[in-house]
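Only one structure is covered here, and it is reproduced in the block below.
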Amino acid sequence: MSTDVRSILVRAARDEARRDGSRTIEAEHVLLALAGMRESSAAQLLTEEGLSEEAIRTALNREWEQSLAVAGIAVRMGLLPEATPDRGHDPHIGESTKLLLKRAMDAPPKLGPGRIGPMRILVGLLDTDRGRVARTLDAAGVDRATLHTKAREALASGNR
Amino acid sequence: MTELVDPEDPAAGLAAVVALRRLADRLEDSQVERAMRSGWSWSEVAEVLGVTRQAVHKKHARRLLAAGVALRRR
């Protein structure tokens, strides 16, 4: 595997964003891309917590439904009309992705050149109580604090 | 699965804003597509959405062409 997974991950996350009809790559797209890198320890850690790609998609829809319900809107995601995705569109990096990348880079141990990996990205993703990923993991009934601790420990013990 | 709904909680209220934007985007993409497949013109779609014809064209034309929708000139 490449020593720097950012390019692989951003490409997969961009595909997720496109599929989602999103004009930007957000943290939830990175989470899905990460879960899709099945050979990585980060994806395996997610799976141990019940977070397969499929489970994440289900939880994302549930978070969406529940957040709409706050505004009094009852929507069943399966019944929403579909739009053909824009395959020619290149979604750019959204603010939530910029934040998670910054958090990933800042996480200990100090980052050497070109050595960012999936586990570090996962640590960056989990390093917040705000935003759609945190709410989605809550909706899935995942203990985010424990998952974050496990990811940090894996990163600290040399698992990139 | 856990319930996230608490109308007193600003986190839930702000998440609702994000969710509504997503819903509006999804509806716009699907309904513009539906209208154009039904033979509407860009001008008609633009009038209903309250934006310029250029704006709606710029936002949706490439996607709909790629999706094989036969687009009217006006």
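The values are calculated or read from the model by the stated rules, or taken from the named source; none is laboratory data. As the structure is a computational prediction, the values presented were derived from the model and not from experiment. Cβ: placed from backbone, ideal geometry, glycine included. Neighbour counts: every protein chain shown. Accessible surface areas use protein heavy atoms only, side chains included; no ligands, DNA or RNA. Shrake-Rupley method; radii C 1.70, N 1.55, O 1.52, S 1.80 Å.
Mean per-residue shielding of peptide A:128-134 is 2, counting Cβ atoms of other chains within 10 Å of each Cβ. The angle between the Cα long axis of helix A:144-156 and the longest principal axis of the Cα atoms of chain A comes to about 30 degrees, rounded to the nearest 10. Multiplying each eigenvalue of the alpha-carbon gyration tensor of the stretch A:96-160 by 5 and taking the square root yields semi-axes of 21, 14, 8 Å, largest first, rounded to whole angstroms.
Computed over protein heavy atoms with a 1.4 Å probe, the accessible surface of chain B works out to 64 Å² per residue. Mind checking which lysines have their C-alpha under 21 Å from A:Lys110, skipping anything on the same chain fewer than 8 residues away? Cross-link targets: A:Lys98, A:Lys102, A:Lys150. In whole angstrom, how far apart do the alpha carbon centroids of the stretch A:111-153 and the stretch A:22-51 sit? The distance from the Cα centre of the stretch A:111-153 to that of the stretch A:22-51 comes to 10 Å.
All other residues with a Cβ under 9 Å from the Cβ of A:Arg18 taken together, and with Lys, Arg as +1 and Asp, Glu as -1, what is their net charge? Please report the intermediate quantities before stating the final value.
Numbers: positive: A:Arg14, A:Arg19, A:Arg87; negative: A:Asp15, A:Glu16, A:Asp20, A:Asp86, A:Asp90.
Summing Lys and Arg as +1 and Asp and Glu as -1 gives -2.
Once you sort the root eigenvalues of the Cα gyration tensor of the stretch B:23-68 as a ≥ b ≥ c, which label holds: rounded (a/c under 1.5), prolate (a/b larger than b/c) or oblate (the other case)? Judged from the Cα gyration tensor, the stretch B:23-68 comes out rounded (a/c under 1.5).
Leaving out ligands and nucleic acids, and using a 1.4 Å probe, what accessible area per residue does the stretch A:100-160 come to in Å²? Please report the intermediate quantities before stating the final value.
Details: 2890 Å² over 61 residues.
Accessible area per residue: 47 Å².
Between the amide H of A:Ile93 and those of A:Ile25, distances stay under 5 Å, these residues lying 5 or more places away or on another chain, with hydrogens modeled in the peptide plane. When a 1.4 Å probe is rolled over the protein heavy atoms, the share of accessible surface on chain A that falls to carbon and sulfur comes to 51 percent.
For chain B, the fraction of 1.4 Å probe accessible surface lying on carbon and sulfur atoms is 55 percent. Explain nothing, just the number: relative contact order of chain A, from Cα pairs under 8 Å at least 6 residues apart, as a whole percent. Across chain A, relative contact order equals 30 percent.
A viscosity of 0.890 mPa s and a temperature of 25 °C, combined with the Kirkwood radius over C-alpha pairs in the Stokes-Einstein formula, give the stretch A:72-115 a diffusion coefficient of 166 µm²/s. Pairing chains B and A buries close to 2700 square angstrom of accessible surface in total, based on protein heavy atoms and a 1.4 angstrom probe. Taking only the C-alpha atoms of the protein assembly as shown, Rg followed by Dmax gives 19.5, 62 Å.
Once Rg and the Kirkwood radius are both taken over the C-alpha atoms of the stretch A:45-160, their ratio Rg/Rh works out to 1.02.
Specify the angular offset, from 0 to 90 degrees and rounded to the nearest 10, of the alpha carbon long axis of helix B:53-66 from the longest principal axis of the alpha carbons in chain B. It is inclined by approximately 90 degrees.
Note on chain A: GNM, Cα springs under 10 Å; of A:Lys98, A:Lys110, A:Lys150, the largest mean-square fluctuation is that of A:Lys110. Computed per residue of the protein assembly as shown from DSSP H runs no shorter than four, each worth -39500 (n - 2.57), the mean residue ellipticity at 222 nm is -19500 deg cm²/dmol.
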